[in-house]
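In what follows, a structure is listed as structure tokens, so that the remarks can point back to it.
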């Protein structure tokens, strides 16, 4: 029986006997693991005929030395394997139809597949590579369009060549390549091809594999073993099955071991040009309704296609007697031959459908348009005559579906004159049980072929669950569901408990009334079968944790017999039995502590240091303080227990930083793992208390192994602030203002017809800088960032005097507004966007950007800055890339700005700045970094092209002091919190906040009379919104608030005409990895409360107070106790431990302070009141 634990103590209580652990024998050195080669076919494969066996090495210089079949080495040929050319493709896709390709060392061509927003990996045969210098040329392909020959347009970046044991040196290559020629050849600045060079240090062909053609007909049907071994002893084994039919037997499909569902076509055929046929086709010895078909071979459907081509990307297809076959390839002005299996035809009447494929375009799913004529069918033997065929068929749907007279599909009828040489059955596999079945086919001459067919028409089955079906749970258990299915698990399990969603590992039991409950489990297998299962179990009625314990913990004036009481309840409002128990309190006898890169996985942790257990002795006021670290901080305790122990309670009291997590763990002897039992975020004020009950899984003979970890989740799960207010300036240390892509405001301030309208456009820009200048002191604004596209019309070189005047006017507007910040002495930095620097082509001191935001402008502005300085430009006279330094909140910062179209040289310069100021917190400002998120909360934004992934890989990941990236360019919002960036793990926050396409009504702007707009006309004033990023240094968090001074509104969500977001994207709180961000862990006390004697037991109604009398108490003694509540059904739960002190022999109250025996364990309470009681501290419950 578990009960309330109490221990009688007079004076100072010892920690119990400290039994030293046995000294283990010297461990033998662990053997060095040798990697096994990759062997194909893999285990479980079904083989017939001639099969290619390949074994490829996985470790450089450890070649595959032998191939064996059933223990006998077989002759094999050396292979030199392949290397991998990998690269990122942006949002402008590569289309295979253009014929884009790479050339390896001048002559080995590899065509590029369709790809968009993905990483492409191409295999290069190692015989095409050489030791030393290798060339890779990217070549853009072409197609004929309405405007002539057009090249494909796409961006590739992060190109790398990976060999076995080596990454080739491509350091001199550019990071990103912008290929193509624009719309109809309009852009001559893009690349039509590019040459890259990779230096390979070792011989690419030095580590070899083996391959052989295995004639399985020389083996008996049944199981066999294939083994591949490397020179160093790495071994791979495949258990396979051979099934070869005798000569003259029919060929049966599908192949041996195929997993099928629904209706499956089963064929048994003899060759069309061979004698004999098929007499019978059965499943498990029973006939399956087979019909005659032609013999195996190739049949050809042919037709002429006119000048409007069939395009492979549309995937037009034919359906032959119900079986689908993709036409494939691009075809124009030629005769097309569609080759398909001859056995799909039958003697006599046949139907073939031609279906136009579809392709997603700007107007939706569009069908391919083409004209065919002269349709004909040729079986392998015999002949076919078309029945009612038309001369011409015009296929498709016109431009964007505009033509309804064209044929979406055409049906052809043919009468085939050829002998039946096989049988076909459309087997409904749902009519047979799931599992293994035998298909048998007998030839007309008596030979039999068999095939194994595995049917799977039902979803995953439940292999095991906790709680199990039919079980009766008496205490809370962690939900666990294990599934099994022949085709594997594709999705799930999704679980509900009595209709409410519940996750795996969550607690089942609390709050459940006594009686039956139901888990509903839904999952999908690899064949797409979904299954839903119900798991009915019984709850014993697990009581609430006993509360309102009295005497309250810390009461110091107990005299004579004392009444122990607690309020108990259970979900069904039935009677509850309360068992009050005295407890022994046991303290650790051995303690270790340290840090780890992750949660420890072994009982003894590498690098841990022995700590002084005396620091946890009661009454000394000492604490055990872990080292502050950016890694996981842990403290490990061994606590000795004696006698037969049932359900001891572990209680930890200590502190961990706010927004970090303290987790109480115990070593599971069965799972050999540190199980998380309870956890909590650190309290902003006061101590954190973690309590958990452990069972026999955690009791190691006479001790319990306990660990407390302090972890930094660096998680995007912090509670957001007020969506209609800025963060409280008293709660933050400093702020950064960020705005971007103000080009429409600058443009409107110049190009509009009237001065009044131009003034409204400029007021939107001016509203931002005026608000920042007016609120800099109150909001503690230490730096202002503008991430580019200050103006609109310098995206390409102006071609007319009028446009040149427009560009200059826009620059003067933006410069005039930023002068406001300079006059206020507010440090700021600006980078150029693609609309500022002619899409990255206008560089150097003569760029017009430098006329308004050049180095001299920054130097002049910085003269009035305090706690900040202008670092300088990347090159003399060119401020498009520059850096600033500032200090705020007791920390130092370096800000690096990189303008649109970042080159490798510019990225290396940025690296140099971040490395030079490695002790400062790094911020990267750049124009092009993230693409807008497609999630309602603005999270999980992808990289933008061309700069995004390049900057992440070459600057952000390489510099552990970079913690924040601010960007614009792409229209929308993106928020990414990345916890483990780079080889030296650091946390990074990436923010895109570009509102330029957000629209405001003319009526709201007051432009209906000034500009002649209709009230509901939508104008692009979204760039009037700024972001205020407010930092709390102690917590290492950043408050993100979005505000428009023009509109005097928080949150821009409602102005997004695409309605993409839910509002949480603009008002949020995020963790930031400042140099001050570490995790500290301190233990005030850790104890195991072990029931030693039952004080009393009573039964009361749910919700009532249960009480017993405790007699024969000693004077001047501390007593610890706990309460166990048991429902009528047998469910149990245990209270927090509590302690009281008896008066001394003279009737004076005991003293409850740092010198009291149990204060280190239960002293987290308020000062004693007039009645001698002390208020209890809050605690954390079981881990969910």
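Values quoted throughout were computed directly from the atomic coordinates according to the rules given, and no laboratory measurement underlies them. If you're wondering where the values come from, they're calculated on a predicted model, not measured in any experiment. Cβ: placed from backbone, ideal geometry, glycine included. Neighbour counts: every protein chain shown.
With a cut-off of 8 Å between alpha carbons and a minimum separation of six or more residues, what is the relative contact order of the stretch 729-1071 in percent? The partial results should precede the final answer.
Working: 846 pairs, mean separation 59.8, N = 343.
Relative contact order for the stretch 729-1071 comes out at 17 percent.
Each of the peptides 445-454, 649-658 was scored by the mean count of other Cβ atoms within 10 Å over its residues; in descending order, highest first, they stand as 649-658, 445-454.
Note on residue 696 and residue 131: the extension gain reaches 197.3 nm, defined as 0.36 nm multiplied by sequence separation minus the Cα-Cα distance. Distance from a point 7 Å along Cα→Cβ of residue 597 to each backbone N in the stretch 915-958: keep the residues under 19 Å and list them by number. Only 957-958 pass the distance filter.
Using Cα pairs under 8 angstrom and six or more residues apart, how large is the relative contact order of the stretch 736-812, in percent? Could the numbers behind the result be given before it?
Numbers: 87 pairs, mean separation 34.6, N = 77.
In percent, rounded to a whole number, it is 45.
For the stretch 248-446, what D do you get in µm² per second when you plug the Kirkwood radius from alpha-carbon pairs into Stokes-Einstein at 20 °C and 1.002 mPa s? Display every interim value, and only then the final one.
Details: Rh = 18.4 Å.
So the translational diffusion coefficient is about 116 µm²/s.
Computed on the chain, with alpha-carbon pairs under 8 angstrom and 6+ residues apart, the relative contact order is 13 percent. Taking 0.36 nm per residue of separation and subtracting the Cα-Cα distance, full extension of the segment from residue 387 to residue 1148 would add 262.5 nm. The slack between residue 286 and residue 426, meaning 0.36 nm per residue of separation minus the straight C-alpha distance, is 49.0 nm.
Label point of residue 304 set 7 angstrom out along Cα-Cβ; within the stretch 367-382, amide nitrogens under 14 Å from it belong to 371-376. Compute the Cα gyration tensor for the chain, then decide on rounded, prolate or oblate, letting a ≥ b ≥ c be the square roots of its eigenvalues: rounded whenever a/c is under 1.5, prolate when a/b is larger than b/c in the other cases, and oblate in all that remain. Taking the square roots of the gyration eigenvalues as a ≥ b ≥ c, the chain is oblate. Of the peptides 518-527, 475-484, the ranking by mean beta-carbon count within 10 Å, highest at the top, reads 518-527, 475-484.
Would you mind classifying the stretch 181-334 by shape? Square roots of the alpha carbon gyration tensor eigenvalues, ordered a ≥ b ≥ c; an a/c under 1.5 is rounded, otherwise it is prolate if a/b is larger than b/c and oblate if not. Oblate, since a/c reaches 1.5 and b/c is not below a/b. From its DSSP helices (H runs of at least four residues, each -39,500 (n - 2.57)), the chain gives a residue-normalised ellipticity at 222 nm of -2500 deg cm²/dmol. Peptides 923-936, 459-472 ranked from most to least packed, by the mean per-residue count of other Cβ atoms within 10 Å: 923-936, 459-472.
Between residue 804 and residue 362, the distance separating the two model label sites (each 7 Å from Cα on the Cα→Cβ line) works out to 3.3 nm.
From the square roots a ≥ b ≥ c of the eigenvalues of the alpha-carbon gyration tensor of the stretch 1079-1128, which class results: rounded (a/c under 1.5), prolate (a/b over b/c), or oblate? Can you show the working numbers first?
Working: a/c = 2.77, a/b = 1.43, b/c = 1.94.
Judged from the Cα gyration tensor, the stretch 1079-1128 comes out oblate (a/c at least 1.5, b/c at or above a/b).
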